Amino acid sequence: APMPVAAHHPHPDHRSRQVVDALRHGFLSLDADWRFTDCNAVAERLFGHSRADLLGRHYCDLAGLEPDSAFAALVGRVAANGSLEETEIRFRGRGRARLLAVRAFSLGDGIGAVWSDITRARIAERRLAQSEARYRAVADGQPTAAWLSRADGALVFINQAMVDALGRAREDLLGDGWMDSLEPESRASFMAARALARTNHNSVRYEGHFCRPDGSRRIIKLHGRPRFDASGAFAGFLGVADHVTDARTFQH
């Protein structure tokens, strides 16, 4: 009878190498003398050197990792404290500057570090912030009431027209404060409409009765469209509000 063929099992070091090379994030490890003991393809691209060229090389020899760099300071702190540390580092090697979210930790007698490139995310966040700032500046000068909410529904901005429509101070209307102006009998239907829109990331439309501090009542129609952050996650609604009291009164 033929002898059974022994199953082939990859050497542990080979498996570890495959795992490291498959990481989407950058990885490097240094020994107690601050020399490279390992890295992956992401690190090769960042530093502009092959793994073979990096192994055994002192990290301070590389552009962007000089002794006065933020990375050198991070390595020093982790080595001194033996603790894990997470921070953001601006890295400028041979290419353009990159912003890295780095996690450094003790690894044997040396240091290990993993990182992700968050340059594009930060640029997108900055553009979003600038866009929101422009929106707020433009919205405050518009006659149409406008508002901006977070993912949880709390208002982070309302323009002057919205303040005028509800007749209360802006700071009292932000967050969930504006709901104090919504008549009790209108709240349940509004909460249901908003919850459905938040779940499905759809536009929200609602018409309800609002009471001003002077006791006058207004019918206001709200319309909001979903907005998303730099990572594509739902971030809340961008909306307008129309005072339709006169139109509804005329209809009746």
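Here the stretch 45-167 has 49 percent of its accessible surface on carbon and sulfur atoms, given a 1.4 Å probe and all protein chains in place.
Quick check: residue separation of Arg187 and Ala124 times 0.36 nm, minus the Cα distance between them. What number comes out in nm? Kindly include the intermediate steps, with their values, before the conclusion.
Working: separation 63, 0.36 × 63 = 22.68 nm, distance 3.56 nm.
Extra length available between Arg187 and Ala124 comes to 19.1 nm.
Treating r as the C-beta distance of Arg150 and Arg45 and R0 as 45 Å, the FRET efficiency rounds to 0.75. In this calculation the C-beta distance from His25 to Ala52 is compared with R0 = 25 Å, giving a FRET efficiency of 0.75.
For the stretch 73-138, the relative contact order is 24 percent, taking Cα pairs closer than 8 Å that sit 6 or more residues apart in sequence and dividing their mean separation by the residue count. Note on surface exposure: Thr37, Thr87 rank Thr37, Thr87 by accessible area, highest first, 1.4 Å probe. Name the shape class, rounded, prolate or oblate, that the alpha-carbon gyration tensor gives for the stretch 56-97, where a ≥ b ≥ c are the square roots of its eigenvalues, rounded holds for a/c under 1.5, and otherwise prolate holds if a/b is larger than b/c and oblate otherwise. Cα axes put the stretch 56-97 in the oblate bin. Report the calculated FRET efficiency for Glu207 and Phe228 (r = Cβ-Cβ distance, R0 = 25 Å), to the nearest 0.05. Working from the Cβ atoms, E equals 0.45.
Note that the stretch 227-236 has calculated 3J(HN,Hα) couplings of 10, 9, 7, 4, 8, x, 7, 4, 10, x Hz, one per residue in order, obtained from phi through the Karplus relation 6.51 cos²θ - 1.76 cosθ + 1.60 (θ = phi - 60°); glycine and proline are x.
The values are calculated or read from the model by the stated rules, or taken from the named source; none is laboratory data. Computed from a predicted structure; not experimentally measured. Don't worry about glycine lacking a Cβ; one is built from the backbone with ideal geometry, like all the others, and counts go over all protein chains shown. With ligands, DNA and RNA removed, areas are computed over all heavy atoms of the protein, side chains included. Shrake-Rupley method; radii C 1.70, N 1.55, O 1.52, S 1.80 Å.
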